[in-house]
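The values are calculated or read from the model by the stated rules, or taken from the named source; none is laboratory data. Fair warning: this is a prediction, and the values are worked out from it, not measured in the lab. Positions of Cβ are generated from backbone atoms using ideal geometry, with glycine treated the same way; all protein chains shown enter the neighbour counts.
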Amino acid sequence: MDAMVRELSYAQAIQEAMAIAMDMDERVFLMGEDIGVYGGAFQVTGDLVERFGTERVIDTPISELGGAGVAVGAALTGMRPIFEFQFSDFATLAMEQIVNQAAKMRFMLGGEVSVPVVMRFPAGSGTGAAAQHSQSLEAWLGHVPGLKVIQPATPYDAKGMLLAAVADPDPVMIFEHKLLYKMKGPVPEGYYTVPIGKADIRREGRDLTIVATSIMVQKALDAAAVLESEGIDVEIVDLRTIRPMDKQTVIDSVKKTSRLMCVYEAVKTLGIGAEVSAMIAESEAFDYLDAPIVRLGGAETPIPYNPELEKATVPQIPDIITAARDLVKGVR
Amino acid sequence: MAGASKAVTDSRANLPFVYRQYSAEQLREVLYKMYLIRRFEEGAEECYTRGLIHGTMHLSIGQEASAMGICMPLAEDDQITSTHRGHGHCIAKGAEVKRMFAEFFGKTSGYCKGRGGSMHIADVGKGNLGANGIVGGGIPIAVGAALSSKMMKTGKVVVSFFGDGANNEGAFHEALNMAAIWKLPVIFVCENNGYGMSTSTARSTAVKNIAERAAAYSMPGVIVNGNIFSEVAEASHQAVARARAGEGPTLIESKTYRHRGHSKSDRNRYRTKEEIEDWMSNRDPITLFESELREFGFIDDKGIEAIRDAVAQEIADGIEFAKASPSPDVRDTGNYVYTEQA
């Protein structure tokens, strides 16, 4: 029996997932800055406080390190907290608890405990919020064994992956691009999960594999529609999870298309594109490559305030089209 | 080491708190545990010197009354978070020294299966959520555990041990504030041994007494002589009662001293020999407690001798257990990074 499918925004999908999780399990609760009556800086928690009360939708002081630590401690002792960072940039204030505590606790204690905490990070540029409110720091956390790091790109995945994250026994970090919050898409009612650690082929194609994350998935799809009219058939892999990465889906795609481009918003160097490229270079797909791998990532600068500069700092649809065209035509 | 006792008798009416509160047997058990902590650390130090234990360790020799006094009123399912100087807390909360030795030896029979070592020693079954390599790292975690207690209505009290160094970490301030606004059942125990590594509290800390910082978070701030078991236990009793009654957190400053250096790399250039000698000779917590027990008639020389012998045996057995335990297989290095799912 198919659940009723509606159009929801990405933010609504997350909110619905949190409500379902809280209805299903009294151990689930929300913590974060201004997530109660204010509804969250991006209105993701919205009116949940009216439904679940201030004991389960907890406004924290502006104490990212302490707040994250409280969430870790609650998770360690039987609760299932979902902790919202107001902006992903503020993870910098809480790295100690995320990297030293949440990620390592189970390992350091020889498997005697687990830390089922979910942390949500509104991320990315495009809102004019400048350098300290626009970063994409997912690769930082992706570098840490013990964490799982996901980047849902659609409302459907946002709901299903959040529910998978709540059910997961280990710490799951969710990076949500702020410009996706208003994106609408089909979302079934009720409970379902989308597995962590599985990439998704958003579009099948023959000529080129684009591995994209988060908001770049939609940009790549838009670029692919244009490229199709030029006779270039693009396959798009939505990575969805950056740790643990679904290597096989990417390898299989590259073996099919013989060309790879990685598109992501974070600063280009030492990031997800480097990891995916190196992974392919180490795999059996390397022998299938007909052209050098291309990375399209963010500029090597902080995110600027001016809107034109801001746009120029991260890959845009025309950039993807040009790079893909050059790659397929052997210009590079 | 739970609880209340019947033993309030007229003959003890003028004695310090613990002698009114606990039976002779319980008090002798405390002395046993204080010796066990001392000898465990001496044993670990010796094993380190002989190359049987690698890495480093932070010894709490001289601080035994603090660990024992704080844990005295805790029930088995109450919880603690501990520090890099956490061997005493672990034993005081009920850990077996043989499994601690095994952990220090890196063996699979250790509390952390050889993955944590001295700095991450834990005993989750007895409520020790773990020592911590990050100064102040356990403080917000304790607040989270106290939040769990409140939300799940388990009645558990959580103690967060930390040192004087941690009181200048942001985590300390953020955690105390949250515990206070949410009235959580948590007790913050600052074991002030005078030095954060080499930097004295006089040089590092703007207030004279760390307990004064409690005022900033509207909670009681209590100063105790951390080398006098009864004083520590009495303060802990009051804080536990307050926490269990839903009245919120307490900050206890337990003033004490570590006889050894910060860690194994310490050349001891920041304190004088006279200062160390004074603490060792005149304010040793085990000597002080032992004298009181003797003076108040709870134990005699023979009894003390018996405790020392039994402790020596338990330590020797523990080291043998650790030596005889298997090492982990190198092929299992990747275990416990994530929860194994069926």
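Restricting to the range B:67-79, give me the number of residues that are within 12 Å of another protein chain (Cβ to nearest Cβ) and not in a loop (DSSP other than H, G, I, E, B).
Filtering the range B:67-79 down to residues within 12 Å of another protein chain (Cβ to nearest Cβ) leaves B:77-79.
After this cut, where a residue has to be not in a loop (DSSP other than H, G, I, E, B) as well, the list is B:79.
Count: 1.
For A:D222, state whether it is charged (D, E, K, R) and buried (at least 22 other Cβ atoms within 10 Å of the Cβ). Break it down into steps so the answer makes sense when it comes.
On the way: charged (D, E, K, R): yes; buried (at least 22 other Cβ atoms within 10 Å of the Cβ): no.
For A:D222, the condition - charged (D, E, K, R) and buried (at least 22 other Cβ atoms within 10 Å of the Cβ) - is not met.
Somewhere in the range A:237-247, is a residue modelled with pLDDT of 95 or more and more than 27 Å from A:A103 (Cα to Cα)?
Yes - at least one qualifying residue is present in the range A:237-247.
Check the range A:88-102 and report whether any residue there is out of contact with any His (no Cβ under 6 Å at 6 or more places or on another chain) and more than 14 Å from chain B (Cβ to nearest Cβ).
Yes, the range A:88-102 contains a residue that is out of contact with any His (no Cβ under 6 Å at 6 or more places or on another chain) and more than 14 Å from chain B (Cβ to nearest Cβ).
With the structure loaded, tell me whether A:I35 is β-branched (V, I, T), part of a helix (DSSP H, G or I) and surrounded by 22 or more Cβ atoms within 10 Å (Cβ to Cβ) or whether it fails that test.
In short, no.
Find the helices (runs of 4 or more DSSP H) located wholly in the range A:48-153 whose residues include 1 or more that are over 27 Å from A:V263 (Cα atoms), and list them. If you could, list the steps in order and put the result at the bottom.
On the way: elements: A:48-52, A:64-76, A:105-108, A:138-142.
Correct list: A:48-52, A:64-76, A:105-108.
What are the residue pairs meeting all of these: first residue in the range A:41-57, first residue surrounded by fewer than 17 Cβ atoms within 10 Å (Cβ to Cβ), second residue assigned to a helix (DSSP H, G or I), Cβ atoms under 6 Å, and 6 or more apart or on different chains?
Pairs found: none.
Yes/no per residue for (1) of a type in the set (G, A, S); (2) surrounded by fewer than 19 Cβ atoms within 10 Å (Cβ to Cβ); (3) more than 16 Å from B:T339 (Cβ to Cβ); (4) away from chain B (no Cβ under 14 Å):
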residue: A:V117; (1), (2), (3), (4): no, no, no, no
residue: A:R120; (1), (2), (3), (4): no, no, yes, yes
residue: A:G124; (1), (2), (3), (4): yes, no, yes, yes
residue: A:T127; (1), (2), (3), (4): no, yes, yes, yes
residue: A:W140; (1), (2), (3), (4): no, no, yes, yes
residue: A:H143; (1), (2), (3), (4): no, yes, yes, no
residue: A:L147; (1), (2), (3), (4): no, no, no, no
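Would you please list the contacts, defined by Cβ atoms under 8 Å and residues six or more apart or on different chains, that run from a residue in the range B:280-304 that is touching a residue at least 40 places away in the same chain (Cβ under 8 Å) to a residue that is surrounded by fewer than 15 Cβ atoms within 10 Å (Cβ to Cβ) and charged (D, E, K, R)?
Cβ pairs passing all conditions: B:I304/B:R294.
Could you tell me which numbered condition B:S327 fails, if it satisfies all but one of (1) within 30 Å of A:V99 (Cα to Cα); (2) not in a loop (DSSP other than H, G, I, E, B)?
Of the numbered conditions (1) within 30 Å of A:V99 (Cα to Cα); (2) not in a loop (DSSP other than H, G, I, E, B), the odd one out for B:S327 is (2).
Residue under question is B:G110, and the condition is that it be more than 7 Å from every other protein chain (Cβ to nearest Cβ), buried (at least 21 other Cβ atoms within 10 Å of the Cβ), in contact with a strand residue (DSSP E or B) (Cβ under 7 Å, 6 or more places away or on another chain) and at pLDDT 95 or above; does it hold?
no
From A:K256, A:K182, which residue is in the same structural domain as A:F85 (by TED's automatic domain parsing), farther than 30 Å from A:R106 by Cβ, surrounded by fewer than 24 Cβ atoms within 10 Å (Cβ to Cβ) and in contact with a Ser or Thr (Cβ under 9 Å, 6 or more places away or on another chain)?
A:K182
Taking the range B:113-130 as the region of interest, how many residues are more than 7 Å from chain A (Cβ to nearest Cβ) and either touching a strand residue (DSSP E or B) at 6+ places or on another chain (Cβ under 6 Å) or farther than 19 Å from B:Y336 by Cα (or both)?
The total comes to 3.
From the residues in the range A:60-86 that are charged (D, E, K, R) and closer than 24 Å to A:D23 by Cβ, which one is farthest from the other protein chains (Cβ to nearest Cβ)? Steps first, please.
Step one: filter the range A:60-86 for residues charged (D, E, K, R), giving A:64, A:80, A:84.
So of that shortlist, the ones also closer than 24 Å to A:D23 by Cβ come out as A:80, A:84.
On the way: A:R80: 10, A:E84: 16 Å.
This residue is A:E84.
Restricting attention to the range B:131-168, and to residues there that are facing another protein chain (nearest Cβ under 9 Å) and farther than 19 Å from B:L74 by Cβ, which single residue is surrounded by the most Cβ atoms within 10 Å (Cβ to Cβ)?
Only one residue tops the list, namely B:P140.
Kindly provide the set of residues from the range B:328-339 that are over 9 Å from A:G111 (Cα atoms) and either within 13 Å of chain A (Cβ to nearest Cβ) or touching a Gly at 6+ places or on another chain (Cβ under 6 Å) (or both), ordered by number.
B:P328, B:D332, B:T333, B:G334
Need pairs with beta-carbon distance below 8 Å; first residue within 18 Å of B:L31 (Cα to Cα) and within the range B:309-325, second of a type in the set (A, V, I, L, M) and assigned to a helix (DSSP H, G or I); sequence gap 6+ or separate chains.
From residues that are within 18 Å of B:L31 (Cα to Cα), the pairs are B:V311/B:L36; B:E314/B:L36; B:E314/B:V97; B:I315/B:L36; B:I315/B:V97.
Restricting to the range B:169-188, and then to whatever is β-branched (V, I, T) and in contact with a strand residue (DSSP E or B) (Cβ under 9 Å, 6 or more places away or on another chain), can you tell me which residue is nearest to the other protein chains (Cβ to nearest Cβ)?
B:V186
Has the range A:280-296 got at least one residue that is at pLDDT 95 or above, surrounded by fewer than 22 Cβ atoms within 10 Å (Cβ to Cβ) and closer than 16 Å to A:A139 by Cβ?
Yes.
Criterion first (surrounded by 17 or more Cβ atoms within 10 Å (Cβ to Cβ), of a type in the set (A, V, I, L, M) and away from every other protein chain (no Cβ under 14 Å)) does B:I304 satisfy it?
Spelling it out, it is not the case that B:I304 is surrounded by 17 or more Cβ atoms within 10 Å (Cβ to Cβ), of a type in the set (A, V, I, L, M) and away from every other protein chain (no Cβ under 14 Å).
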